[in-house]
């Protein structure tokens, strides 16, 4: 029996990676004269992943990584004008419209009439809270949690906080690393809905993952029917 259905937000309910992709492209264009676009993007990605231990996730962290990458590529060009360009990219990201994935609004509304819904998203509190409020679907969720990281220990603490039995907990997300594997580890159920693009940091080698330990769907519109099957 499923007591609560939890959802990831970024790239599960609304587009997120596409915003980062656009920002990275704009940043690479700024320094394309020094390195190839692919080299700039690789340096930015490496810097971003390295800085997670210091700044965590989110656009503010990403902005600091852009500045650090620029300093490494061409410190003489990191002047007031260059910093302004980086800040403009960040502000565009922070104010971008929240674009729901196809069928999300209808699916969430349908499920909320029969199940208690929970939203678990990771990242900067201010940034994620803003996206949740602009999403137009926040009212369907009884519980909203913004966390710094998604690990098995974090999920355990969240479930304990709300007295949720792991066996009756179902997580839906697009990241195998953050939404699926940690939930399986604590005895919960998980549904994987891949997003076309995924950040390098979220990728895992799926060759060694038991395909029978989770469910997989092509898109969120298939979710209500799958949940009925799981319940049966």
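Each reported figure results from applying straightforward, stated rules to the coordinates on display, with no laboratory input. The structure presented is a predicted model; accordingly, all values stated were derived computationally and were not measured. All Cβ positions, even for glycine, are placed from backbone atoms using ideal geometry, and neighbour counts span all protein chains on display.
At-a-glance table
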{"read-out": "Value at 222 nm in deg cm²/dmol, rounded to 500, when DSSP H runs of n ≥ 4 in the chain each add -39,500 (n - 2.57)", "value": "-14000 deg cm²/dmol"}
{"read-out": "Cubic angstrom per residue, convex hull over Cα atoms of segment 151-232", "value": "104 Å³"}
{"read-out": "At 1.306 mPa s and 10 °C, Stokes D of segment 90-232 from Kirkwood alpha-carbon radius, µm² per second", "value": "98 µm²/s"}
{"read-out": "Relative contact order computed over the chain (Cα-Cα under 8 Å; 6+ residues apart), in percent", "value": "25 percent"}
{"read-out": "Equivalent ellipsoid semi-axes - Cα gyration tensor, segment 81-125, angstrom", "value": "35, 13, 5"}
{"read-out": "Inter-label distance, nm, simple model (7 Å from Cα along the C-beta direction), residue 53/residue 211", "value": "3.7 nm"}
{"read-out": "Residue 67-residue 88 pseudo-label distance in nm [points 7 Å out on the Cα-to-Cβ vector]", "value": "1.8 nm"}
{"read-out": "Angle between the chain longest axis and helix 37-55 axis [Cα atoms, degrees, rounded to 10]", "value": "60 degrees"}
{"read-out": "Dmax and Rg, reported as Rg then Dmax, of segment 1-140 (C-alpha, Å)", "value": "17.9, 61"}
{"read-out": "Over 20 Å [Cα-Cα, segment 17-94], rounded percent", "value": "21 percent"}
{"read-out": "Angle between the chain longest axis and helix 152-161 axis [Cα atoms, degrees, rounded to 10]", "value": "50 degrees"}
{"read-out": "Packing rank of 141-153, 185-197, where each peptide gets the mean count of other beta carbons within 10 Å, highest leading", "value": "185-197, 141-153"}
{"read-out": "Residue of 181, 159, 41 that the Gaussian network model of the chain assigns the largest fluctuation, springs spanning Cα pairs under 10 Å", "value": "159"}
{"read-out": "DSSP-defined antiparallel bridges as percent of all bridges, the chain, nearest 5", "value": "5 percent"}
